[in-house]
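Engineer: Right, I'll just put the structure down here and ask away after.
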Amino acid sequence: MQLERDVRPWGSYEVLLDAPDHKVKQIVVTAGSRLSYQVHARRAEHWFIVRGTGVVTLNDTPIVVEPGSAVDIALGASHRIENTGYDDLVFIEVQRGDYFGEDDIIRLEDDFGRAG
């Protein structure tokens, strides 16, 4: 079974595991790009940085990340990640909750005009 892959304006993601109570993705953020500042209503996330450097903004607090760093994102927390390096930033995202659809993203700010 082929799991989901998608290219986004900031990079790409690939679903590695899709189970009823959790989902695992590998996310690649290209140099100089960042995800939208967003919240989720139905899932919490755990991010483990594999490659690259960046800044996670969690509830308006910046957190510098590098390989081996981990960040827990509680249900309803505002969050984003920015690649501040010159190479791809790669992280593994583990989602926990009762729904994992891409429509459970409320964008608060977005560099690509997708907020609101």
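Throughout, read-outs are computed from the coordinates displayed, never taken from laboratory work. Here the structure is a predicted model, which means the values were calculated and not measured. Because the Cβ atoms are built from the backbone with ideal geometry, glycine has one as well, and the counts that use them run over all protein chains shown.
Engineer: List the trypsin sites (Lys or Arg not before Pro) within the range 1-109 that fall in a DSSP loop (any state other than H, G, I, E or B) and whose Cβ has at most 16 other Cβ atoms within 10 Å. Don't skip to the answer; put the middle values down first.
Structural biologist: Values: sites: R5, K23, K25, R34, R42, R43, R51, R80, R96, R107; in loops: R42.
Answer in residue order: R42.
Engineer: Measure off 7 Å from each Cα along the Cα-to-Cβ vector at I106 and L3, then give the distance between these two points in nanometres to one decimal.
Structural biologist: 2.8 nm
Engineer: Near A41, within a Cβ-to-Cβ distance under 14 Å, what is the net charge of the other residues, with Lys and Arg +1 and Asp and Glu -1?
Structural biologist: On the way: positive: R42, R43, R96, R107; negative: E45, D98, E102, D103, D104.
Neighbourhood net charge equals -1.
Engineer: Now for a separate question. If you build a Gaussian network model of the chain, linking Cα atoms that sit under 10 Å apart, which residue out of E93, E102, E66 swings the most?
Structural biologist: For the chain, modelled as a Gaussian network with Cα springs under 10 Å, the answer is E102.
Engineer: Please grab the % of Cα pairs in the chain that end up more than 16 Å from each other. The partial results should precede the final answer.
Structural biologist: On the way: 3886 of 6670 pairs.
Here the tail beyond 16 Å accounts for 58 percent of pairs.
Engineer: Are there chymotrypsin sites (Phe, Trp or Tyr not before Pro) in the range 18-116 that DSSP marks as loop and that have at most 16 other Cβ atoms within 10 Å, and which are they? All intermediate terms of the calculation are to be shown ahead of the outcome.
Structural biologist: Values: sites: Y37, W47, F48, Y86, F91, Y99, F100, F112; in loops: Y86, Y99, F100, F112.
Of the chymotrypsin sites (Phe, Trp or Tyr not before Pro), the ones in loops of the range 18-116 whose Cβ has at most 16 other Cβ atoms within 10 Å are Y86, Y99, F112.
Engineer: Rounded to the nearest Å, what's the spacing between the alpha carbon centres of the range 56-100 and the range 13-51? Just the number, please.
Structural biologist: Measuring centre to centre over Cα atoms gives 8 Å.
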